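Worksheet: one structure, shown below.
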Amino acid sequence: MTIDEAINQNKPIIIKAYSVSESIEHYIKLVLTKILQKHNCDVLLIPLYTAVKELVVNAVKANQKFIYFEGKKSYESVFFDSEKALQLFRLEMTRSVAKYLDTLARKNNLYALTTISVIDKNLCIDVENPTPMSETERDAVAKKLTIAQHCEDITDYFIQAQEDDYKEGAGLGLVLITMMLKGMGLTQSNFIIDSDYEKTIASVIVPLTQATLQEYQKRISETTPKIA
């Protein structure tokens, strides 16, 4: 079934990614472009593509992190409760290491599964990976999203998040997604991250309506510099 056929028949489109390659990026953008064109919401492409790509990148990195820590035999007992260990992971993630972890992800069938569908004029996006978040990560994500929901922009977030031990690095993409959704007049109920003992799922719901378009265009006009 082609992308056009799936969209016309309201079938979900599923994208499997072991890494975030150019072909994966192109496919995500193509799917979103066609869906948004059908619903006359083309203007939402940039923020929605940015959000989906960020979620897929996060999911792929979570799988790579799982493989990395499993290789050190310390996934649950030490490393996931240690911010220093996470910093070590980020430092060691050279291009060659990332490519090696990509190979291991394929070998172990660890992938990010993105499902894109439209239900009752709502664009529904789920990005799932088969690795759970640690308690430390869940708390950090919840804190970030709560703070971000009450901020006007990323600068405001950094001001309000002075006590956030995790304000650097991982998780800032989630803050940006929250900001972009707020720019469409949406709330935290439109962006949910859930993790159990087997998997993590990030869900985004965007109404493809005139109200969403008007709110987004209003925000764009307010933030666009005026030329005297």
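Given the structure, is L86 modelled with pLDDT of 95 or more and either in contact with a helix residue (DSSP H, G or I) (Cβ under 8 Å, 6 or more places away or on another chain) or farther than 27 Å from V118 by Cα (or both)? First the steps, then the outcome.
Values: modelled with pLDDT of 95 or more: no; either in contact with a helix residue (DSSP H, G or I) (Cβ under 8 Å, 6 or more places away or on another chain) or farther than 27 Å from V118 by Cα (or both): yes.
For L86, the condition - modelled with pLDDT of 95 or more and either in contact with a helix residue (DSSP H, G or I) (Cβ under 8 Å, 6 or more places away or on another chain) or farther than 27 Å from V118 by Cα (or both) - is not met.
Find all pairs meeting these conditions: Cβ atoms under 6 angstrom apart; at least six residues apart or on different chains; first residue within segment 191-209 and within 14 Å of C124 (Cα to Cα); second residue in a strand (DSSP E or B) and of a type in the set (V, I, T).
As it stands, the answer is F191/V204; A202/V127; A202/I193; S203/I192; V204/I125, since those pairs meet every condition given.
May I ask you to list the residues in segment 15-25 that are under 15 Å from L48 (Cβ atoms) and not in a strand (DSSP E or B)? If you could, list the steps in order and put the result at the bottom.
The first filter runs over segment 15-25 and keeps only residues under 15 Å from L48 (Cβ atoms), leaving 15, 25.
Listed by number, the list holds a single entry, E25.
Mind telling me which of the residues E152, E222, E198 ends up being modelled with pLDDT under 85, loosely packed, with under 15 Cβ neighbours inside 10 Å and in a loop (DSSP other than H, G, I, E, B)?
Working: E222 fails: in a loop (DSSP other than H, G, I, E, B); E198 fails: modelled with pLDDT under 85.
Checking each option against the conditions leaves just E152.
Would you be able to tell me the number of residues in segment 89-119 that are aliphatic (A, V, I, L, M), out of contact with any helix residue (DSSP H, G or I) (no Cβ under 9 Å at 6 or more places or on another chain) and at pLDDT 75 or above? Break it down stepwise before answering.
Going through segment 89-119, the residues aliphatic (A, V, I, L, M) turn out to be 91, 93, 97-98, 101, 104-105, 110, 112-113, 116, 118-119.
Remaining after also requiring out of contact with any helix residue (DSSP H, G or I) (no Cβ under 9 Å at 6 or more places or on another chain): 91, 119.
Now narrow it down to the ones that are at pLDDT 75 or above: 119.
Matching residues across segment 89-119 total 1.
On the given criteria, is Y68 farther than 30 Å from G185 by Cβ and at pLDDT below 75? Break it down into steps so the answer makes sense when it comes.
Working: farther than 30 Å from G185 by Cβ: yes; at pLDDT below 75: yes.
Taking the combined requirement at face value, the residue satisfies it.
Can you pull out the residues in segment 174-195 that are surrounded by fewer than 17 Cβ atoms within 10 Å (Cβ to Cβ) and over 19 Å from R219 (Cα atoms)?
Of everything in segment 174-195, those that are surrounded by fewer than 17 Cβ atoms within 10 Å (Cβ to Cβ) and over 19 Å from R219 (Cα atoms) turn out to be S189, I192, D194.
Residue by residue through segment 1-14, note down the ones that are out of contact with any Lys or Arg (no Cβ under 7 Å at 6 or more places or on another chain), touching a residue at least 24 places away in the same chain (Cβ under 8 Å) and buried (at least 16 other Cβ atoms within 10 Å of the Cβ).
I13
Tally the residues that are part of a strand (DSSP E or B) and not acidic (D, E), restricting the search to segment 100-149.
Quick first cut of segment 100-149, residues part of a strand (DSSP E or B) only: 112-119, 122-129.
Within this subset, residues satisfying the condition of being not acidic (D, E) are 112-119, 122-125, 127, 129.
Going through segment 100-149 one residue at a time, the tally reaches 14.
If I ask for residues that are modelled with pLDDT of 90 or more, buried (at least 16 other Cβ atoms within 10 Å of the Cβ) and of a type in the set (V, I, T), which ones from segment 15-56 would you list?
Within segment 15-56, I15, I24, I28, V31, I35, V52, V56 qualify.
As an exercise: evaluate A59 against (1) of a type in the set (A, V, I, L, M); (2) surrounded by fewer than 19 Cβ atoms within 10 Å (Cβ to Cβ); (3) under 22 Å from the mean Cα position of the chain (by Cα); (4) at pLDDT below 95 and give the number of the one condition it does not meet.
Here A59 clears every test but (2).
Please find, within segment 126-136, the residue that is surrounded by the fewest Cβ atoms within 10 Å (Cβ to Cβ) out of those that are of a type in the set (D, E, K, R) and under 15 Å from the mean Cα position of the chain (by Cα). Walk me through how you get there before you give the answer.
If we filter segment 126-136 for residues that are of a type in the set (D, E, K, R), which is where we start, we get 126, 128, 135.
Then keep just the ones that are under 15 Å from the mean Cα position of the chain (by Cα); that gives 126, 128.
Values: D126: 19, E128: 17.
Only one residue tops the list, namely E128.
Within segment 98-155, count every residue that is farther than 30 Å from D4 by Cα, polar (S, T, N, Q) and out of contact with any Ser or Thr (no Cβ under 8 Å at 6 or more places or on another chain).
Looking only at that region, the number is 6.
The values are calculated or read from the model by the stated rules, or taken from the named source; none is laboratory data. All values derive from a computational prediction rather than experimental measurement. Cβ: placed from backbone, ideal geometry, glycine included. Neighbour counts: every protein chain shown.
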